[in-house]
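Report on the following structure.
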Amino acid sequence: SGHTGGVTSIAWSPDGTKMITGSSDTTGIIWNAKSGTKRLTLSGHILNITSVAWSQDGTKVATGSRDNTCIIWNALTGAKLLTIKGHTWDITSVSWSPDGTKVVSGSRDSTCIIWDAVSGTMLLMISGHTSAVTSVAWSPDGTKVVTGSADSTAIIWNASTGAKLVTLKGHLNGVTSVSWNPSGTRLTSGSRDSTCIIWDAISGAKILVLKGHKDFIASVSWSQDGTRIATGSEDNSCIIWDAMSGVKLLTLPEIAPVKSVSWSPDGSKVASGSWYNTCTIWDVSSGSELLTVKDHLRDVVSVSWSPDGSKIVTGSWDNTAKIWFVYAPTLQEDQSDNTFSIVEPLIKASDIDMQKCLLGLSKDSVVRAFVGNVGSSKCRIDSIYITGYDAEAFAVVSGLEQYNLAAGASKQAEFRFSPYRVGVHTAELNIVTQSGILRQPIRGEGIAPTLKVVNSMLDFGKVRIGTSKDTLLFVTLVNIGTTPLTITNTRHAGPNDVDFT
């Protein structure tokens with residue numbers, strides 16, 4: 001507690017140690033996320049703060065306000081670095097470019113403006129909507145900006161020139177929320193017409209319309225691996241959808257209108273905030289309710305996970321923001337009088353090359369000793385998840401559960417590669433440990449099919465360790481191209497190819 005007005009916006013610092021809250025009392029406050037101690041109060045706006053955002057390096061904060069201005073602050077000292085003026089009505093949304101050099105703001109004056117984050121110079125004023133801009137977001141590669149509007153459309157713009165690239169038309173009422181998939185190839189938009197639409201971000205084609213809610217959608221969010229979408233609605237429900245097929249995977253029933261939904265970083269859980277002062281954490285595999293927190297005095301309107309997935313932060317109209325542990329932390333204890341020390345775990349992991357795979361197919365590979373404990377003390381692996389430009393092309397098939405590794409021990413994991421285009425796909429594996437996140441690259445190459453594999457699986461069944469097994473099983477290849485092919489060699493490949501000859 002510390003604000004004298006409603007908490008309107010919440011954001012984590014990139015390192016997860018701090019949190020900033022914006023309030024209708026016209027101030028922003030930076031807090032210590034562990035102790036709840038107030039570190040800095042950002043005072044300078046004369047009307048309600050509507051949006052807050054951290055720069056990617058965590059050194060600056062941008063705030064948007066109903067006083068029509070955007071202020072950039074030093075996140076370490078609280079000093080006001082810039083006051084940006086140019087909008088003629090409330091700023092509704094602010095967002096940093098991925099490289100941290102620019103800020104984009106959306107406004108009820110129907111425009112969005114791209115600013116130089118160092119000088120405050122207006123680089124581009126983008127006009128095209130006929131009603132208020134309700135949401136702005138940069139594409140993951142920083143080359144485009146998408147705006148959602150109360151005019152029922154979303155528009156993708158060139159972030160360098162301001163040229164209108166694609167207009168997404170299809171909703172029958174105002175767009176309330178927009179979100180990119182991790183690779184920047186698709187967009188989803190939620191609307192007051194109770195539908196969520198998935199769009200091709202290049203052509204603007206409508207790929208899928210997700211219908212199932214009975215009232216307007218207040219929040220949409222992609223999972224970090226790009227395979228699922230969560231929607232929260234005023235109809236008292238949250239729905240999990242398959243992002244490729246549009247199939248409804250799960251309906252999470254709330255007892256009140258859902259105002260906010262947020263994925264856990266590993267994609268195993270969803271948190272939903274509701275009007276009845278609660279936040280509920282759901283297991284998206286089973287749909288079971290894992291935890292409901294009930295300590296707010298008014299509606300929970302904002303929910304967000306910490307980057308390591310161990311905590312959530314909730315914002316409420318009771319003027320408070322609260323941080324919760326999703327599971328009890330494991331503490332190290334000593335019950336003797338002897339001197340002891342707490343050591344940092346030493347963990348190594350392998351880079352993953354899934355090699356080549358035909359478009360339309362998937363390839364699984366088990367990587368032995370993927371994660372290893374090279375230290376002298378036991379360590380803990382909490383989860384593994386995938387982020388990055390091509391995250392939706394990869395999946396962790398096994399190795400997601402929490403486990404301990406003794407000194408010198410290692411653990412295998414199984415990965416899947418499903419290319420969606422020709423060429424190299426790259427992403428990043430995030431291994432969450434008790435002391436931080438270890439990041440390793442994963443890659444694979446999608447190749448166009450000129451040969452069709454009729455029976456692609458050779459199953460050797462069970463083979464005792466230390467022995468070998470031959471098989472008369474075979475694959476049948478069909479030339480589906482337009483020219484003759486000569487097969488000069490066959491070979492096997494993949495992270496575990498040493499098991500086969």
Where the centroid of each part is defined by its Cα atoms, how far is the range 355-431 from the range 231-263 in Å? 28
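Work through the residues other than residue 258 whose Cβ is under 13 Å from its Cβ and net out their charges, Lys, Arg +1 and Asp, Glu -1. Numbers along the way, then the final one.
Working: positive: 214, 259; negative: 215, 234, 235, 254, 299.
Around residue 258, the charge tally is -3.
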Place +1 on the Cβ of every Lys and Arg and -1 on the Cβ of every Asp and Glu in the chain, take the dipole about the Cα centre, and give the residue among 165, 252, 14 whose Cα lies farthest towards its positive end. 165
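I'd like the antiparallel share, as a percent to the nearest 5, of DSSP beta bridges with both residues in the chain.
Numbers: 151 of 156 bridges.
So the antiparallel bridges in the chain amount to around 95 percent.
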Near residue 390, within a Cβ-to-Cβ distance under 10 Å, what is the net charge of the other residues, with Lys and Arg +1 and Asp and Glu -1? 0
What share of the DSSP beta bridges in the range 413-501 is antiparallel, in percent to the nearest 5? 100
Carbon and sulfur %, accessible surface of the chain computed with the full protein complex present, 1.4 Å: 51
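Per residue, how much accessible area does the range 417-477 show when a 1.4 Å probe rolls over the protein heavy atoms, in square angstrom? Kindly include the intermediate steps, with their values, before the conclusion.
Numbers: 4070 Å² over 61 residues.
Per residue, the range 417-477 has an accessible area of 67 Å².
Quick one: compute the contact order of the range 84-185, relative version, from alpha carbon pairs under 8 angstrom and 6+ residues apart, as a percent.
Numbers: 256 pairs, mean separation 20.0, N = 102.
It rounds to 20 percent for the range 84-185.
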Which whole-number percent gives the relative contact order of the range 350-501, counting Cα pairs below 8 Å spaced six or more residues apart? 28
Just add up the charged neighbours of residue 62: K/R +1, D/E -1, any other residue whose Cβ is under 12 Å from the Cβ of residue 62. +3
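What does the charge dipole of the range 346-501 about its Cα centre add up to, to the nearest 20 debye, if the Cβ of each Lys and Arg holds +1 and the Cβ of each Asp and Glu holds -1? Display every interim value, and only then the final one.
Numbers: 16 positive and 14 negative charges, 50 e Å.
Taking the Cα centre of the range 346-501 as origin, the dipole is about 240 debye.
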Using a 1.4 angstrom probe and counting only protein chains, how large is the accessible area of residue 357 in Å², to 10? 10
When the Cα centres of the range 161-209 and the range 441-501 are compared, how far apart do they sit, in Å? 39
List the GluC sites (Glu not before Pro) within the range 374-461 that DSSP assigns to loop and that have no more than 11 neighbouring Cβ atoms inside 10 Å. 401
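For the range 1-130, what is the accessible area per residue in Å², given a 1.4 Å probe and the full set of protein chains?
39
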Per-residue counts of other Cβ atoms within 10 Å, averaged by peptide: what ranking do you get for 405-413, 132-140, highest first? 132-140, 405-413
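Report the equivalent ellipsoid semi-axes for the range 354-494 in whole Å, largest first, defined as the square roots of five times the eigenvalues of the gyration tensor built from alpha carbon atoms.
Details: eigenvalues 229, 89, 22 Å².
Equivalent-ellipsoid dimensions as semi-axes: 34, 21, 11 Å.
At a Förster radius of 35 Å, what calculated FRET efficiency corresponds to the Cβ-Cβ distance of residue 492 and residue 374, to the nearest 0.05? Kindly include the intermediate steps, with their values, before the conclusion.
Working: r = 30 Å, r/R0 = 0.85.
According to the calculation, E is roughly 0.75.
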Would you check the accessible area of residue 87, probe 1.4 Å, heavy atoms only, in square angstrom rounded to 10? 20
Just how large is the dipole of the range 1-152 about the Cα centre, in debye to the nearest 20, putting +1 at every Lys and Arg Cβ and -1 at every Asp and Glu Cβ? 380
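About the Cα centre of the chain, what is the dipole size in debye to 20, counting +1 per Lys and Arg Cβ and -1 per Asp and Glu Cβ, all else neutral? Could you put the intermediate results ahead of the total?
On the way: 42 positive and 43 negative charges, 113 e Å.
The calculated dipole for the chain is roughly 540 debye.
My understanding is that a pair violates if its Cα-Cα distance is over 23 Å; which of 102/206; 144/259; 363/411; 169/211; 144/206 do that in this structure? Working shown, then result.
Values: 102/206 30 Å; 144/259 27 Å; 363/411 20 Å; 169/211 16 Å; 144/206 19 Å.
Cα-Cα > 23 Å for 102/206; 144/259; rest within.
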Let me cross-check residue 293: its accessible surface, 1.4 Å probe, with only protein heavy atoms counted, in Å² to the nearest 10? 20
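List the relative contact order of the chain as a percent without decimals, with contacts defined as Cα pairs under 8 Å and 6+ residues apart.
Values: 1409 pairs, mean separation 36.3, N = 501.
Once normalised by length, the contact order is 7 percent.
The values are calculated or read from the model by the stated rules, or taken from the named source; none is laboratory data. Since the structure is predicted, the reported quantities are computational estimates derived from the model, not experimental observations. With ideal geometry, Cβ positions are generated from the backbone for all residues, glycine too; neighbour counts draw on all protein chains shown. Quick note on the areas: whole protein, heavy atoms, side chains included, nothing else; ligands and nucleic acids left out. Shrake-Rupley method; radii C 1.70, N 1.55, O 1.52, S 1.80 Å.
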